[in-house]
Amino acid sequence: PAALRRPSPAPPTRAAAWIARLVAPTPAWPAPRAHGSARTLSPLARATGGPVGLLVLEARDGWLRVLLPTRPNGASAWINADRVRLSRTRWRVEVDRSARTLRVLRAGRTVRRLRVVVGAPATPTPTGRFAIAEVARQPDRDGFLGPFALHLTAHSTALDDYGGGRGRVAIHGRGGASLNDPLGSARSHGCVRADNADVRFLASRLVPGVPVDVAS
């Protein structure tokens, strides 16, 4: 019956993308077959312990190529589609480094456009295709990171480690010393900083696996 057919995920577009949610420890392979050396992906996110959703880049014969939240940027692996729960998202984030803006899209249409702080020239926000990795509520909503940090699959190309751990880049709010860098500037260590109200908007709508594209 049509109701029992497995979804057939397509590569991400500006209007839609597919997310593979891990429900158990999942082997990830270098090719779409169980051969060679596999790594095991945890269904629990490293920082928050929350669910892991991976952006689906490609589907082939019951296998899914997913974007990994690890170095190097853009790393991917193949997982068996039977081991995950698939869902479709119409949300997407686009960051323009030169314009220093962040655009939120739903079904290909812009629903919000923000002025943001991007990485300084010596510590640039990396460019490429990424995804939300975790949505982390901050213990001090008035602290440097604001109320939420949306960790990305992106990592700094200039730093090995900073506040998010292992050089991970995030979209987060502003508070304390981070308010010294005005929106529309390029002064961060690589993260994208937005107004706290906008970060709350993102955190309430975006889930792990939502695509985030950063252009130069």
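Miscellaneous remarks
- Yes/no for ARG88 being open to solvent by 70 Å² or more (accessible area, probe 1.4 Å) and either assigned to a strand (DSSP E or B) or at pLDDT below 95 (or both): yes
- Of the set (1) in contact with a Phe, Trp or Tyr (Cβ under 9 Å, 6 or more places away or on another chain); (2) over 17 Å from GLY74 (Cβ atoms), all apply to VAL192 but (1).
- Residue in the stretch 127-175 that is farthest from ALA75 (Cα to Cα), counting only those that are among the polar types (S, T, N, Q) and in a loop (DSSP other than H, G, I, E, B): GLN138
- Checklist (1) farther than 25 Å from GLY184 by Cα; (2) under 13 Å from the mean Cα position of the chain (by Cα); (3) at pLDDT 95 or above; (4) open to solvent by 30 Å² or more (accessible area, probe 1.4 Å) applied to THR70, failing item: (3)
Quick grid of which residues meet (1) of a type outside the set (A, V, I, L, M); (2) modelled with pLDDT of 95 or more:
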{"site": "ALA16", "(1), (2)": "no, yes"}
{"site": "ARG46", "(1), (2)": "yes, no"}
{"site": "LEU54", "(1), (2)": "no, yes"}
{"site": "ASN80", "(1), (2)": "yes, yes"}
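- Filtering the stretch 10-58 to residues that are open to solvent by less than 60 Å² (accessible area, probe 1.4 Å), assigned to a loop (DSSP other than H, G, I, E, B) and more than 13 Å from ASN80 (Cα to Cα) leaves ALA10, PRO12, ALA15, ALA16, GLY36, PRO43, ALA45, GLY49, GLY50, VAL52.
- For ALA149, the conditions (1) surrounded by fewer than 24 Cβ atoms within 10 Å (Cβ to Cβ); (2) closer than 24 Å to PRO12 by Cβ; (3) of a type outside the set (Val, Ile, Thr) are fulfilled apart from (1).
- Pick from the stretch 98-123, criterion open to solvent by 70 Å² or more (accessible area, probe 1.4 Å) and in a loop (DSSP other than H, G, I, E, B), ranking: nearest to PRO208 (Cα to Cα): ARG100
The values are calculated or read from the model by the stated rules, or taken from the named source; none is laboratory data. Worth saying up front: this structure is predicted, and the values here are computed from it rather than measured. Methodologically, a virtual Cβ is constructed for each residue, glycine included, from the backbone with ideal geometry; neighbour enumeration extends over all protein chains shown. When the accessible area is computed, the model is the full protein with side chains, heavy atoms only, and any ligands, DNA or RNA have been set aside. Shrake-Rupley method; radii C 1.70, N 1.55, O 1.52, S 1.80 Å.
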